[in-house]
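First the structure, in the form of structure tokens, and then the observations on it.
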Amino acid sequence: MKLTETWVQQVLDGMAASVELVALEEVGNRRHRVLRVFVDHPDGVTHDLCAEVSRVFGEALDQIDWSDGPYTLEVSSPGLERPLRKPAHFQATVGKKVYVKTFAEVGGRKVWRGTLLEVGAQGIVVREDDHEVEVRFDEIARAHVVYEFE
């Protein structure tokens, strides 16, 4: 079975703890997979929350017989440079510095590192130096917050 973010979020919703799935990553091979689950919570992500998500999610994976081999389940917060995957993630980041990599060139290049100016129904606007670019969501290969130390 291929895991979907929708199914994972449904499992998390069953916890009744306002846990949001930020990102889901599967890496490795048939001999050993690693399943990474990045979660967020309005009160922050604690070790206890990660342990609870790991327990609940691990049980759900066992019930659907997800893997035919060994795997490692990793549950953590998205970190300071949190990935941006959903429109709501981008909306919460307006005014902050972001890194955006596109599948193909947009505005003459594939990588933009600048301030997220706005989020619309179809995409985002990023300003880097004196250049602004509109990037559609379906053009984004990867995006994350750029944490700036002060």
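The values are calculated or read from the model by the stated rules, or taken from the named source; none is laboratory data. Since the model is a prediction, treat every value here as computed from it, not as a measurement. Heads up, the Cβs are rebuilt from the backbone with ideal geometry, glycines too, and the neighbour counts pull from every protein chain shown.
Odds and ends about this structure:
- Residues satisfying the stated conditions in the stretch 44-68, i.e. among the polar types (S, T, N, Q) and at positive phi: none
- Residues of the stretch 10-22 satisfying the condition of being exposed (fewer than 15 other Cβ atoms within 10 Å of the Cβ) and either without any contact (Cβ under 8 Å) to a residue 24 or more places away in the chain or of a type in the set (D, E, K, R) (or both): Q10, D13, A16
- Options V119, V133: the member that is farther than 21 Å from L80 by Cβ, surrounded by 13 or more Cβ atoms within 10 Å (Cβ to Cβ) and without any contact (Cβ under 8 Å) to a residue 40 or more places away in the chain: V133
- Within the stretch 31-57, tally of residues that are more than 15 Å from the chain's Cα centre (by Cα) and either more than 13 Å from M15 (Cα to Cα) or touching a residue at least 40 places away in the same chain (Cβ under 8 Å) (or both): 13
- Wholly enclosed strands (runs of 3 or more DSSP E) of the stretch 1-83 bearing at least 2 residues in contact with a strand residue (DSSP E or B) (Cβ under 7 Å, 6 or more places away or on another chain) and of a type in the set (D, E, K, R): 20-29, 32-40
- Comparison of V56, V11, V27 shows that the only residue that is at pLDDT 90 or above and within 26 Å of V145 (Cα to Cα) is V27.
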